[in-house]
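Asks: Take a look at this one; I'll ask things after.
The values are calculated or read from the model by the stated rules, or taken from the named source; none is laboratory data. If you're wondering where the values come from, they're calculated on a predicted model, not measured in any experiment. Please note: Cβ atoms are built from the backbone with ideal geometry, for glycine as well, and neighbour counts cover all protein chains shown. The protein model used for the area step is the full one, side chains on, heavy atoms only, and it has no ligands, DNA or RNA in it. Shrake-Rupley method; radii C 1.70, N 1.55, O 1.52, S 1.80 Å.
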Amino acid sequence: MDQGWAALLGAAFGALFGGGAAITAAWLGRSGMKMQAQAMIQQASWQADATHEQWRRQVLRDACIEYVEAARLDVHATRRYHWLVMFNQQGMPRDPEQILQRYHARGMRLQRAALVLELEGSHEVREAAQKILDAARAIPPLNERLRDNYPEAQEKTQHMWEAIDEFVRVARTHLIGER
């Protein structure tokens with residue numbers, strides 16, 4: 001065989017093996033880049049899920065805080081109204097209409113705060129929130145004519161305090177348990 005054919009044959013084998021190696025390297029590189037891209041997409045998805053979950057937990061936390069505050073203010077307004085009806089307190093403003101309006105406004109705030117919990121809360125949180133609303137609704141009416149309801153109203157108000165304490169316990173467990 002002459003040198004020309006040998007060179008040509010060597011070049012052909014070199015091109016074939018070199019090209020094959022280049023194609024194999026490109027394919028491996030593409031596979032590696034594809035795997036890296038998939039890993040980046042998965043990481044971004046996990047991060048987005050974590051951010052969303054953190055946002056949901058913050059919304060729920062804020063709603064729980066608002067609900068507890070509204071419930072406590074509702075109990076205070078209820079007791080203040082009951083004391084106004086039952087006792088002529090020295091230094092206590094005795095404008096029943098204004099106190100009654102505040103009393104109803106506190107109750108409305110409590111119901112509005114419960115709406116977020118209905119949407120974002122777990123079953124246990126919603127159940128504990130409902131117990132507060134049920135306790136608030138169970139407090140009997142009290143006015144100048146219905147003074148006999150005072151002992152029952154005080155007992156039911158205490159039940160509302162207990163429901164608030166239970167809600168705080170459930171909400172704390174739920175919020176910490178999700179971490």
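Asks: Can you list residue pairs whose Cβ atoms sit under 9 Å apart, with the first residue in region 36-58 being assigned to a helix (DSSP H, G or I) and the second being surrounded by fewer than 10 Cβ atoms within 10 Å (Cβ to Cβ)? Count only pairs 6 or more apart in sequence or on different chains.
Replies: 57/179
Asks: May I ask you to list pairs of residues, at least six apart or on different chains, whose Cβ atoms are under 6 Å apart, with the first in region 73-84 being among the charged types (D, E, K, R) and the second being open to solvent by 50 Å² or more (accessible area, probe 1.4 Å)?
Replies: Qualifying pairs under 6 Å: 74/106.
Asks: Sticking with this one: So the check is Cβ under 6 Å with 6+ separation or different chains; which pairs have a first residue in region 117-137 that's under 11 Å from residue 166 (Cβ atoms) and a second one that's open to solvent by 20 Å² or more (accessible area, probe 1.4 Å) and of a type in the set (Asp, Glu)?
Replies: 128/166
Asks: Is there a residue being outside any helix (DSSP H, G or I), modelled with pLDDT under 90 and hydrophobic (A, V, I, L, M, F, W, C) anywhere in region 62-75?
Replies: No; the residues of region 62-75 include none that is outside any helix (DSSP H, G or I), modelled with pLDDT under 90 and hydrophobic (A, V, I, L, M, F, W, C).
Asks: Would it be correct to say that residue 30 is out of contact with any helix residue (DSSP H, G or I) (no Cβ under 6 Å at 6 or more places or on another chain), open to solvent by 90 Å² or more (accessible area, probe 1.4 Å), assigned to a helix (DSSP H, G or I) and closer than 30 Å to residue 126 by Cβ?
Replies: Spelling it out, it is not the case that residue 30 is out of contact with any helix residue (DSSP H, G or I) (no Cβ under 6 Å at 6 or more places or on another chain), open to solvent by 90 Å² or more (accessible area, probe 1.4 Å), assigned to a helix (DSSP H, G or I) and closer than 30 Å to residue 126 by Cβ.
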